Amino acid sequence: MRPFNIESTAGLLAQQLQTKIDGKTKPLGALGQLEGLAQQIGLIQRTESPQLTAPQMLVFAGDHGAAKAGVSAYPQDVTWQMVENFLAGGAAINVFTRTHGLPLAVVDCGVAHEFGAREGLINAKIGNGTQNYLETPAMSTAQCAQAVENGVALVARYVKAGSNVIGLGEMGIGNTASATLITHCITGQPLDACTGRGTGLDDAGLSRKQQLLGVAVARTGKLDDPWRVLQEFGGFEIATMVGVILAAAEKRMVVLIDGFVVGAAALMACALYPAVRDFCVYCHQSVEPGHRYQLAAMRAEPLLDLGMRLGEGTGVALAWPLVKAAVAFLNDMASFASAGVSEKS
């Protein structure tokens, strides 16, 4: 994998931004998390007057070989059927992005289906799904590297179009199992504690999922190299998102992170380059149990906690108005001086 040049956003500008925030016509800290978010975006863009330009929401889709072994409540065909639903505009992410005026595209990273050229669909296919990680690595070293580079190329495409904000969502039957394995390996938390019901497993299904993921971990033994973890257990959509996050941080973009599966890609990116966390806005807290371990490892405070676990980038779309509001108050809200309002003595 090529190296990435990702610099921390820490610096003197933090105090300048804080002074600007504190000078607004409000009590100190009265806007809570929005104040920290405004400062973060200013630090990312290295300015006291940040702007959000040409935002882009992407949903990354891929299939997982282990899905056929029973790690999900749904058949693998649901992946391509849901991609068709996205393209037809009928899914939750379509509704929420339309509601908030957020452009949306779907990226085929490795769905076991041929869609042909379609409006709103980007072809970044590595193959028709990964291998079954219960028996063999999910992807080869070359496939993993290509998926990451596909993510880098996507970022270059949107940066060229003037974008400085990118939102990430996903779709892939079996990908919560993949995210669980990544979370376990990177955080060191117990596998069973990281394992949730995904698309709605009952108690018996959850027990089977835990058993199967235990088989996968036993096959590899303890893994210390994040790239090896990604190759062994990742999905093509997760690896592509890792590339997007790394490249977007390198380009000093605001990176909007969804829930558990996108969180696994962010966790991986942060394990490789810790400064990545400076560029990530964590949009919501998923009810998937492993997500809290991801957030703790990345020292992240999500914007929303609505009891959601849908994926698709729905948390990003719902948090987008808060991101815009943070920048708007920083730029447009009057200061005590400009409004002629007396400050606290």
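Laboratory data are not the source of any read-out in this text; all were calculated from the coordinates shown. All figures in this text were calculated on a predicted structure; none of them were measured in a lab. Counting neighbours? That spans all protein chains shown, and the Cβs are built from the backbone with ideal geometry, glycine included.
Structure above, values below:
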item	result
Region 21-30 - phi-based ³J(HN,Hα) in whole Hz, Karplus 6.51/-1.76/1.60, Gly and Pro as x	5, 5, x, 5, 6, 6, x, 4, x, 5
Whole-Hz ³J(HN,Hα) from phi, Karplus 6.51 cos²θ - 1.76 cosθ + 1.60, for region 99-106, glycine and proline x	4, 10, x, 9, x, 10, 9, 10
Residue order, fewest to most surrounding Cβ atoms within 10 angstrom, among Met333, Met298, Met241	Met333, Met298, Met241
Whole-number Å³ per residue for the convex hull built on Cα positions in the chain	130 Å³
Close Lys-Lys pairs in the chain, where close means Cα under 14 Å and separation is 8 or more or interchain	4
In region 1-51, trypsin sites (Lys or Arg not before Pro) in a DSSP loop with at most 14 other beta-carbon atoms within 10 Å	Arg46
Karplus 3J(HN,Hα) series, Hz, for region 4-15 with 6.51 cos²θ - 1.76 cosθ + 1.60 (x for Gly, Pro)	10, 9, 10, 9, 4, 8, 4, x, 5, 4, 4, 5
Per-peptide average of other Cβ atoms within 10 Å, ordering 71-80, 2-11 highest first	71-80, 2-11
Cut-off under 5 Å, modelled amide H: who pairs with Phe60 long-range	Val107, Gly169, Glu170, Met171
Potential extension, Ala325-Arg98 segment - 0.36 nm per residue separation minus Cα distance	79.9 nm
Coil-residue trypsin sites (Lys or Arg not before Pro) of region 258-345, DSSP, other Cβ within 10 Å capped at 14	Arg299, Lys344
Estimated inter-spin distance, Gln131 and Asp225, nm [label 7 Å along Cα→Cβ]	1.5 nm
Length-normalised contact order for region 70-146 - Cα pairs under 8 Å, 6+ apart - percent	21 percent
Interchain or long-range residues, amide H under 5 Å from Leu256's placed H	Ile166, Gly167, Leu168, Val281
